[in-house]
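Here's the structure we're looking at; comments come further down.
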Amino acid sequence: MSICPKCNDTHWYAYDENHAKICEVCCTHSDGWWKLEEHYGKSNGKYACKTGCGVVKAYEDLYEEKIVNVTVYRF
Ligand SMILES: [Zn+2]
Ligand SMILES: [Zn+2]
């Protein structure tokens with residue numbers, strides 16, 4: 001296993017003096033994904049990592065990457 005170059009394997013990094021965020025580089029997104037709907041429009045079809053790392057993917061990307069831990073919503 002290589003050490004994450006962004007967070008040095010702490011899974012967090014400071015993006016300014018007062019704030020830290022979850023590292024999106026080594027986030028496994030293992031909590032799944034929630035659908036961005038209210039803020040982005042119903043047909044947007046984008047999903048954000050539930051962990052809060054800030055990564056957003058289209059449903060097609062998740063499907064192609066065979067990520068199964070996606071909360072399924074009806075369109
Ligand atoms: Zn990291
Ligand atoms: Zn994530």
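Brief remarks follow.
- Residues located in the range 7-40, provided they are of a type in the set (Phe, Trp, Tyr) and over 14 Å from CYS53 (Cα atoms): TYR40
- Candidates are the residues of the range 1-54 that are in a loop (DSSP other than H, G, I, E, B) and among the basic types (Lys, Arg); the one that is modelled with the lowest pLDDT is LYS42.
- In the range 1-36, residue nearest to ligand 1 (Cβ to nearest atom) [restricted to those that are within 17 Å of GLU65 (Cβ to Cβ) and touching a His at 6+ places or on another chain (Cβ under 8 Å)]: CYS26
The values are calculated or read from the model by the stated rules, or taken from the named source; none is laboratory data. Since the structure is predicted, the reported quantities are computational estimates derived from the model, not experimental observations. Positions of Cβ are backbone-derived with ideal geometry, glycine not excepted, and every protein chain shown enters the neighbour counts.
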